[in-house]
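Visitor: This structure is in structure tokens; I'll ask about it shortly.
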Amino acid sequence: MGIIKSTVKVGQKPSADEIKQIRAELKEAAKYSILYTDDSPESTPEALKEFAMQWAKMNRQKRRLAVTIRIEPDVLDKYKTLGYGCTGIMADVLKVAADNPALLLKTRT
């Protein structure tokens, strides 16, 4: 058993053979027990609780709300040319604008 490395391009899906190989390796790996060493000790219940709290905090910060806004059709068309995930890109652009007061002032004049 070893590490499998491969190069994947954006939007590329694994082939049926690659999926078959990954599943076979996962089945094989499941047969082995976890080996804890000095540099990777077993997590304590307190550490796991802290990890869960940090994970929940991170997820709350990443959460996005669904809103309805009015956008000019040509602007929406430009974003749609970006393909899947264009609404996420729009949200990122809005965040950058909201974090840059000088940019916001330019739009109102």
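The values are calculated or read from the model by the stated rules, or taken from the named source; none is laboratory data. Since the structure is predicted, the reported quantities are computational estimates derived from the model, not experimental observations. Cβ atoms come from the backbone with ideal geometry, glycine included; neighbour counts cover every protein chain shown. SASA here: full protein model, heavy atoms, side chains in, ligands and nucleic acids out. Shrake-Rupley method; radii C 1.70, N 1.55, O 1.52, S 1.80 Å.
Visitor: Ranked from the most accessible area to the least, with a 1.4 Å probe and all protein chains present, what is the order of 77, 38, 17? The partial results should precede the final answer.
Guide: Numbers: 77 90, 38 160, 17 115 Å².
Correct descending sequence by accessible area is 38, 17, 77.
Visitor: Taking only Cα atoms, what is the 0 to 90° angle, nearest 10, from helix 86-98's long axis to the longest principal axis of the chain?
Guide: Taking Cα atoms only, the helix is inclined about 70 degrees.
Visitor: Which FRET efficiency value, to the nearest 0.05, do you get for residue 50 and residue 98 by plugging their Cβ-Cβ distance into 1/(1 + (r/R0)^6) with R0 = 22 Å? Don't skip to the answer; put the middle values down first.
Guide: Numbers: r = 31 Å, r/R0 = 1.42.
Result of the calculation: an efficiency of 0.10.
Visitor: What FRET efficiency, computed as 1/(1 + (r/R0)^6) with R0 = 41 Å and r the Cβ-Cβ distance, is obtained for residue 15 and residue 82, rounded to the nearest 0.05? Please list the in-between numbers first.
Guide: Numbers: r = 27 Å, r/R0 = 0.66.
After rounding, the FRET efficiency stands at 0.95.
Visitor: Pop a pseudo-label 7 angstrom from the Cα along the beta-carbon direction at both residue 39 and residue 106 and give the gap in nm to one decimal.
Guide: A separation of 4.8 nm, rounded to one decimal place.
Visitor: Over all distinct alpha-carbon pairs, what is the Kirkwood Rh of the chain in angstrom?
Guide: Numbers: mean 1/r = 0.0501 Å⁻¹.
Mean inverse Cα-Cα distance, inverted, gives 20.0 Å.
Visitor: How much accessible surface area, in Å² rounded to 10, belongs to the heavy atoms of residue 18 with a 1.4 Å probe?
Guide: Number for this one is 80 Å².
Visitor: Which number gives the lysine pairs in the chain that have C-alpha atoms under 24 Å apart and are eight or more places apart or on different chains?
Guide: Close lysine pairs under the 24 Å cut-off: 19.
Visitor: With charges set only on the Cβ (+1 for Lys and Arg, -1 for Asp and Glu), what does the dipole of the chain come to about its Cα centre, in debye to the nearest 20? Intermediate values should be presented prior to the final figure.
Guide: Values: 19 positive and 14 negative charges, 124 e Å.
Approximately 600 debye in magnitude.
Visitor: On to the next question. Please calculate the 1.4 Å probe accessible area of residue 43, with all protein chains present, and give it to the nearest 10 Å².
Guide: Ignoring ligands and nucleic acids, residue 43 comes out at about 70 Å².
Visitor: Above 14 Å lies some portion of the pair distances; for the range 52-97, what is it as a whole percent of all C-alpha pairs? Walk me through the intermediate numbers first.
Guide: Numbers: 649 of 1035 pairs.
That tail contains 63 percent of the Cα-Cα pairs.
Visitor: Out of the trypsin sites (Lys or Arg not before Pro) in the range 31-79, which ones are loop residues according to DSSP with at most 13 other C-beta atoms within 10 Å?
Guide: Details: sites: 31, 49, 57, 60, 62, 63, 64, 70, 78; in loops: 31, 63, 64, 70.
Passing both the DSSP loop test and the Cβ count: 31, 63, 64, 70.
Visitor: Using a 1.4 Å probe, what is the accessible area per residue for the chain, in Å²?
Guide: Details: 10950 Å² over 109 residues.
Accessible surface, normalised per residue, equals 100 Å².
Visitor: Hey, another quick one. Of the options 45, 82, 29, report the single residue whose Cα projects farthest towards the positive end of the charge dipole of the chain (beta-carbon charges: Lys, Arg +1; Asp, Glu -1).
Guide: 82
Visitor: Only loop residues by DSSP count here, and only those with at most 14 other Cβ atoms within 10 Å; note down the chymotrypsin sites (Phe, Trp or Tyr not before Pro) in the range 34-67 that meet that.
Guide: Working: sites: 36, 51, 55; in loops: 36.
Here the chymotrypsin sites (Phe, Trp or Tyr not before Pro) that fit, given the DSSP loop and packing criteria, are 36.
Visitor: Would you mind calculating the gained length between residue 30 and residue 68 on full extension (0.36 nm times residue separation, minus the Cα-Cα distance), in nm to one decimal?
Guide: Values: separation 38, 0.36 × 38 = 13.68 nm, distance 4.65 nm.
Taking residue 30 through residue 68 to full extension adds about 9.0 nm, to one decimal.
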